[in-house]
Structures are given as structure tokens and as C-alpha cells.
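Novice: I have a structure I would like to understand better, so I am pasting it below and will then ask my questions one at a time.
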Amino acid sequence: MQSILAMYEHVRWANARIFDAIAQAGSASEYIMTVMHHLLRAEQVWLTRLQGQDSSHIPLWQNCSLQDLTGLIEDNERNYSAYLASLDESQLDEMITYRNQSGASFTTSRRDILIHVALHGSYHRGQINAALRREEHEPINVDYITFVRNK
């Protein structure tokens, strides 16, 4: 459980840092905004599934505003914190059955879903940083080791 909790501390830290880099860019492209929106909506989708609810109504790919991103970040931080606080180690390997956005059914452990969400965010933050650089904005270091060093 300690590793999962550490991963989600990093998720919160990294999401805040990448959001700040996007905001400081001042003119981030639609691509950057859409990828960041996707990252945050995917976090919502997976939490919805972990809670045994239908996620098909949550849009995964949309352009949005900085204000929209702020609300999503705040909601995700609050909701994941509450969810993780309600879990103990014995529940991590429980299997969850859910449907993806296309309606296909899957069964996956809570642990694997939580690890996936953290890694999925890292992947997309990397895409955002690469796009910031292409657009001549300053990318931001969101590496886990940097997070650990600055705790």
C-alpha cells in the first residue's frame, strides 16, 4: 500500500507541475490542452470503475480551458485521496469487473488499475512536455526521482 500511496503523491505533484507549465506557456496548443484533459478524464474513468460505477458517460478526448483543467485536477485529488484512504493492503488484489468506453468487459485487480493510472499519467505528461518544447515553451521535470528528492 505504501508504494501505491507514494505513486499517488507523485501523481498529484506531477499534475500540478505540468499544469503550471501549461499555464505559464500562455498559449498552449489545442493538442496540449486535449492531452491534459484526456489524462485527467482517464483518472476519473478509472476511479469510477474502481467504485463499481459505469464510466461510459465520461468523455475522454476533448479540448478544454485552463479553468476546466483546474476543476478536474481538484476533483481528482480529492476523490483519489478519499478512495485511497478507504483501501487497505488486503483489498488491492481484489478483482474488479468493468466495461471500457466501447462496452467490452474486463476483470482486473485494483492494484493493477491503480498502477496503470499512475503510469498512464506519466506517459501523457511526457507527451505534453515534448509538445511544450516543440512549441518553444519550457518543459518541466516531473520525474518520480525529482519528486522524491524534493519531498
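The values are calculated or read from the model by the stated rules, or taken from the named source; none is laboratory data. Since the model is a prediction, treat every value here as computed from it, not as a measurement. Using ideal geometry, Cβ is built from the backbone for each residue, glycine included, and neighbour counts are taken over all protein chains shown. Note: areas computed on protein heavy atoms with side chains; ligands, DNA, RNA excluded. Shrake-Rupley method; radii C 1.70, N 1.55, O 1.52, S 1.80 Å.
Novice: Every residue in the stretch 45-76 that is under 30 Å from Ala25 (Cα atoms), loosely packed, with under 12 Cβ neighbours inside 10 Å and without any contact (Cβ under 8 Å) to a residue 12 or more places away in the chain, please.
Specialist: Hits for the stretch 45-76 are Gln67, Glu74.
Novice: Additional query: Within the stretch 2-19, which residues are open to solvent by 30 Å² or more (accessible area, probe 1.4 Å), within 15 Å of the chain's Cα centre (by Cα) and more than 13 Å from Glu77 (Cβ to Cβ)?
Specialist: Once the filter is applied, which keeps residues that are open to solvent by 30 Å² or more (accessible area, probe 1.4 Å), within 15 Å of the chain's Cα centre (by Cα) and more than 13 Å from Glu77 (Cβ to Cβ), the stretch 2-19 yields Leu5, Met7, Arg17.
Listed here are the residues, each with its yes/no results for (1) assigned to a helix (DSSP H, G or I); (2) small (Gly, Ala, Ser); (3) in contact with a strand residue (DSSP E or B) (Cβ under 9 Å, 6 or more places away or on another chain).
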position	(1), (2), (3)
Leu60	no, no, no
Gly71	yes, yes, no
Asn76	yes, no, no
Ala85	yes, yes, no
Asp93	no, no, yes
Gly103	no, yes, no
Phe106	no, no, yes
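Novice: List the pairs whose first member sits in the stretch 23-37 and is over 15 Å from Pro139 (Cα atoms), whose second member is outside any helix (DSSP H, G or I) and open to solvent by less than 30 Å² (accessible area, probe 1.4 Å), and whose Cβ atoms are under 6 Å apart, counting only residues at least 6 apart or on separate chains?
Specialist: His37/Cys64
Novice: Of all residues being hydrophobic (A, V, I, L, M, F, W, C) and touching a Ser or Thr at 6+ places or on another chain (Cβ under 9 Å) in the stretch 24-46, which is farthest from Ile113 (Cα to Cα)? Just the residue, please.
Specialist: For the stretch 24-46, the residue satisfying everything is Met33.
Yes or no, residue by residue, for (1) open to solvent by 50 Å² or more (accessible area, probe 1.4 Å); (2) among the hydroxyl-bearing types (Ser, Thr, Tyr); (3) without any contact (Cβ under 8 Å) to a residue 40 or more places away in the chain; (4) under 30 Å from Ala28 (Cβ atoms):
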site: Asn79; (1), (2), (3), (4): yes, no, yes, yes
site: Gln91; (1), (2), (3), (4): no, no, yes, no
site: Thr108; (1), (2), (3), (4): no, yes, yes, no
site: Asp112; (1), (2), (3), (4): yes, no, yes, no
site: Ile115; (1), (2), (3), (4): yes, no, no, yes
site: Gly121; (1), (2), (3), (4): no, no, no, yes
